[in-house]
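The values are calculated or read from the model by the stated rules, or taken from the named source; none is laboratory data. These numbers come from a predicted model, not from an experiment. Note that we place each Cβ from the backbone using ideal geometry, even for glycine, and neighbour counts take in every protein chain shown. Each accessible area value is taken on the protein alone, full model and side chains, heavy atoms only, with ligands, DNA and RNA left out. Shrake-Rupley method; radii C 1.70, N 1.55, O 1.52, S 1.80 Å.
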Amino acid sequence: MHDVAVIGGGVVGCALLRRLALHGMDAVLLERGRDILSGASKANSALLHTGFDAPPDSLELACMRAGYREYLDIRESLGLPLVQTGAVMVAWNEAQQARLPSLLAKAHANGVADVRPLDPGEIARLQPGLAPGALAGLHIPGEHVIDPWSAPLAYVRQAMAHGATVMRDCEVLDGVLEGGAWRLVTPLGDVQARIVINAAGLYGDLVEQFARTPPFEIRPRKGQFVVLDKSAHATVRTIVLPVPDERTKGIIVCPTAFGNVIVGPTAEEQTARDHAATDTATLEALVARGREILPALAGHAVTAIYAGLRPATERSEYRIEALPDQRWISVAGIRSTGLTAALGIARHVLDLFRRHFGPVADAAVPISTPVPNLCESLPRRWMQPDAGEIVCHCERVTRSEIEAALSGPLPAGDLGGLRRRTRVMLGRCQGFHCAGRVARLAAGRLPEFAEHRP
Amino acid sequence: MEPDGTLRIAGPDGPGVLRARAVLLALGTRETPRSARLVGGSRPWGVFTTGALQQLVHGAHQRPCRRAVIVGSELVALSNLLTFRHAGIAPVAIVEDRRRTLVAPPLAWAAGVAFGTPVLTDARPVAIHGTHRVEALEIDHRGRRRILPCDGVIFTGRFVPDAAPLAGSPITMDAGTGGPVVDQYGRTAIPTIFAAGNVLRPVEPSWTAWTEGRAVGRAIAEQLGGRLPAPSRRTTLSAAPPLRFVCPQQWSEPSPLRAALPMQVRSEEDVSGRLRFTAHGEELWGRRARLRTGRRIPVGVRLGDIASGTEVLVEVVRPN
Ligand SMILES: Cc1cc2nc3c(=O)[nH]c(=O)nc-3n(C[C@H](O)[C@H](O)[C@H](O)COP(=O)(O)OP(=O)(O)OC[C@H]3O[C@@H](n4cnc5c(N)ncnc54)[C@H](O)[C@@H]3O)c2cc1C
């Protein structure tokens, strides 16, 4: 019998598991995918948001602020990067310019005091090479870029060091509250827990049915991106934001921790929860939009394309609630800020736990469990004198990194997991040079390399 | 590469620096993957380039898919059919977005007869479907959407020089070839840095790349031996659409040795007419030519004699 079962190994579930384990609880994470981050958390913009434009006085804002602070506090002990890009919001027309003062006031009201207005000259200094025509802008120095995959991995690894259990390929099919505890039915057998936390992201409403008629409905909202080659990286110094309108935050141009540039995301409603498709016309439009904003992006090739799904609901706010009678906590609708807010959400959920389910032990001194660095601007494995064989030259991934990612406490569960842990095959050649080598290293360990030729 | 031609390298012993009296860039080429072609859909396992598939099959003894569609109809598409046969993969179709296949029609026809593979021209991949594994390729075939059920999609050809390490270096690049601008001895904008093989342009068979490597190697030896002086005048060539490129893009004087790189021209589309080299509007050299998309047209012009130091335009003049 576990103290708590967390359903869903997205960034939110990973952060929850860590917080629970730090407080001495026997926690288990149940993830339906072959690896963590199989849902919304595998594809996002990778920004650590300040919350400058979050709804004022909201739970979302509070969680973002707390998550942001805690990320800065723990990142060094977990080996997590922070690329201090800042962001520049650019108004390209008068209507947009007219919205800047209220955005500035909101930022200050949200406690992000260092946001300030920019004139065209300052915009050009912060981001040289922008298309002509910027009228005015805002500088948000605290918006940063992080590694969206290493962070949740580090949270889970720390949780495991504190005794948590992770079960993958483990979809919760049903849940029954029996004699004061939950019995969760999974393909790996029944899992018993006193309390269940629903962090099932895009499947949040389906999982919620085990406890009650869900008061929310998940409405996936897709965001497509193009990733430009590393050659483009030097041209993008900061996160370039448009002025948001009522409907969307708009298309951004920003550097990634891995030394690329991304342009996206779109905002498209869809019903499917399990796949996020790109389409050529949208991708072409993103490439064009990137060049429109920053003409120097022309001529830099597209390295990768992807789409992510935001686990939105019919309302815009987070849907976090404790159900004491059901011994259940729902953590749903973590739509577009979950990477930032996850650590803060975990703290908030711990408070709910304390309030509704009794006392909680103080946090233990965290065991430092650093993850390997994948950020371009920090020392990487290939830079060490004992680097050894380099398997992927586009992303400079060594054999030792691949082997480490295939072993240890939470080895990659599928090729996607290996890619996210090492960057192998994510570069400009997309495996043209290294697919065979990777297959030989991973044969028998990843489902993709299971079939030998006759 | 640093501005002064110093090479920064990464190897088993970590990063290092190389300085040399001469460098030969033989970085080769790679295929354009699905992502850079902006083919939409989901991102399941089963989408490869020829290069990746061959390594998986021959290097790692895998059968990564059982029924696959081949996208593209350059020669390399046919080599996939051999790999398929070797690995026990059934070819579903060859899909080519142009109206004609890029290999000579009899070869495409042979693909159909020998391998029973339908060749669909005017057919463009639209989206890849599938969650964990590829389940189908959706194509636009002559304006109609079609679903080709399969568990593999191989993106073949559309080779690009693998010139990424040159980004940011002072070596001039040619947007037409995707490779460095070189003269007839393979010299780049830094005269001690040479290039040969498929880093120069898409794409020659291995024996041609090998021949180029030898010839440029000889030029390097001559230069090190003091018998090939630094260029004092350079003629620059540029290709007008629909020509995609002319390579080498420069002719240097003095030219005491035979050219290491034979000059060639390639076209973006099928076109015939008079292929002309002109300077200041005056024809230096010309002949009638039929150019087929992506195929090499050798050009037997010795520019040294006629146009030293000028800018030469290479164009096809179609008959009225
Ligand atoms: C385009 C886009 C851009 C974004 N940009 C940013 C950004 O820059 N900064 C930021 O902070 N946030 C960003 N986000 C938001 C962030 O990605 C999400 O808020 C976050 O990933 C949500 O995480 P989650 O853990 O709630 O959901 P998920 O990641 O979906 O996790 C839920 C997990 O539950 C599993 N699961 C589902 N059902 C079951 C079941 N029955 N049994 C077991 N497991 C189950 C799923 O497989 C999944 O892994 C962006 C999102 C998108 C889509």
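Being farther than 21 Å from B:Arg158 by Cβ, β-branched (Val, Ile, Thr) and in a helix (DSSP H, G or I): is that true of B:Val76 here? Can you show your working first?
Working: farther than 21 Å from B:Arg158 by Cβ: no; β-branched (Val, Ile, Thr): yes; in a helix (DSSP H, G or I): yes.
The answer is no for B:Val76.
The set of residues from region A:421-454 being part of a loop (DSSP other than H, G, I, E, B), at the interface with another protein chain (Cβ under 7 Å from one of its Cβ atoms) and aliphatic (A, V, I, L, M) comprises just one member, A:Ala443.
What about A:Ala361, is it within 16 Å of the ligand (Cβ to nearest atom), modelled with pLDDT of 95 or more and not in a strand (DSSP E or B)?
Details: within 16 Å of the ligand (Cβ to nearest atom): no; modelled with pLDDT of 95 or more: yes; not in a strand (DSSP E or B): yes.
Considered against the rule, which asks whether it is within 16 Å of the ligand (Cβ to nearest atom), modelled with pLDDT of 95 or more and not in a strand (DSSP E or B), A:Ala361 comes out as no.
Meeting the requirement of 2 or more residues that are without any contact (Cβ under 8 Å) to a residue 12 or more places away in the chain, no strands (runs of 3 or more DSSP E) wholly within region A:217-324 can be named. What's the total number of residues in region B:233-290 that are surrounded by 15 or more Cβ atoms within 10 Å (Cβ to Cβ) and of a type in the set (Asp, Glu)? Count: 3. Here A:Ala346 fulfils each of the conditions (1) within 30 Å of A:Ala404 (Cβ to Cβ); (2) away from the ligand (no atom under 15 Å from the Cβ); (3) of a type in the set (Gly, Ala, Ser) apart from (2).
Kindly provide the set of residues from region A:1-17 that are over 16 Å from the mean Cα position of the chain (by Cα) and within 14 Å of the ligand (Cβ to nearest atom), ordered by number. Answer for region A:1-17, where residues must be over 16 Å from the mean Cα position of the chain (by Cα) and within 14 Å of the ligand (Cβ to nearest atom): A:Ala5, A:Val6, A:Ile7. Just wondering, is there one or more residues in region A:335-351 that are more than 14 Å from chain B (Cβ to nearest Cβ) and in a strand (DSSP E or B)? Checking region A:335-351: not a single residue is more than 14 Å from chain B (Cβ to nearest Cβ) and in a strand (DSSP E or B). Each residue in region A:251-276 was checked for being within 13 Å of the ligand (Cβ to nearest atom) and within 14 Å of another protein chain (Cβ to nearest Cβ), and 10 pass.
Out of curiosity, is B:Gly226 of a type outside the set (Phe, Trp, Tyr) and open to solvent by 50 Å² or more (accessible area, probe 1.4 Å)? Before you say what the answer is, go through the steps one by one.
On the way: of a type outside the set (Phe, Trp, Tyr): yes; open to solvent by 50 Å² or more (accessible area, probe 1.4 Å): yes.
So B:Gly226 fits the description; yes.
Tell me, which strands (runs of 3 or more DSSP E) lie completely within region B:84-154 with 2 or more residues that are open to solvent by less than 40 Å² (accessible area, probe 1.4 Å)?
Details: elements: B:90-95, B:123-129, B:136-141, B:144-149.
In region B:84-154, B:90-95, B:123-129, B:136-141 are the strands (runs of 3 or more DSSP E) which contain 2 or more residues that are open to solvent by less than 40 Å² (accessible area, probe 1.4 Å).
Among residues belonging to region B:159-205 that are among the acidic types (Asp, Glu) and in contact with a Gly (Cβ under 9 Å, 6 or more places away or on another chain), point out the one that is surrounded by the most Cβ atoms within 10 Å (Cβ to Cβ).
Filtering first and then ranking leaves B:Asp162.
For region A:157-194, a residue qualifies if it is more than 16 Å from the ligand (Cβ to nearest atom) and under 17 Å from A:Val11 (Cα atoms), and the qualifying residues are A:Arg157, A:Gln158, A:Met160.
Checking each residue in region A:238-257 for being surrounded by fewer than 21 Cβ atoms within 10 Å (Cβ to Cβ) and in contact with an Asp or Glu (Cβ under 8 Å, 6 or more places away or on another chain) picks out A:Pro244, A:Lys249.
Looking at region A:340-353, can you tell me whether even one residue there is without any contact (Cβ under 8 Å) to a residue 24 or more places away in the chain and open to solvent by 10 Å² or more (accessible area, probe 1.4 Å)? Steps first, please.
So the first thing to find is which residues in region A:340-353 are without any contact (Cβ under 8 Å) to a residue 24 or more places away in the chain, and the list is A:351.
Add one more test, that the residue is open to solvent by 10 Å² or more (accessible area, probe 1.4 Å), and what stays is A:351.
Within region A:340-353, one or more residues are without any contact (Cβ under 8 Å) to a residue 24 or more places away in the chain and open to solvent by 10 Å² or more (accessible area, probe 1.4 Å).
When you scan region A:226-250, how many residues do you find that are within 16 Å of the ligand (Cβ to nearest atom), within 14 Å of chain B (Cβ to nearest Cβ) and either out of contact with any Leu (no Cβ under 7 Å at 6 or more places or on another chain) or among the basic types (Lys, Arg) (or both)? Residues in region A:226-250 being within 16 Å of the ligand (Cβ to nearest atom), within 14 Å of chain B (Cβ to nearest Cβ) and either out of contact with any Leu (no Cβ under 7 Å at 6 or more places or on another chain) or among the basic types (Lys, Arg) (or both): 1 in total.
For B:Arg37, the conditions (1) out of contact with any helix residue (DSSP H, G or I) (no Cβ under 9 Å at 6 or more places or on another chain); (2) more than 7 Å from every other protein chain (Cβ to nearest Cβ) all hold with the exception of (1).
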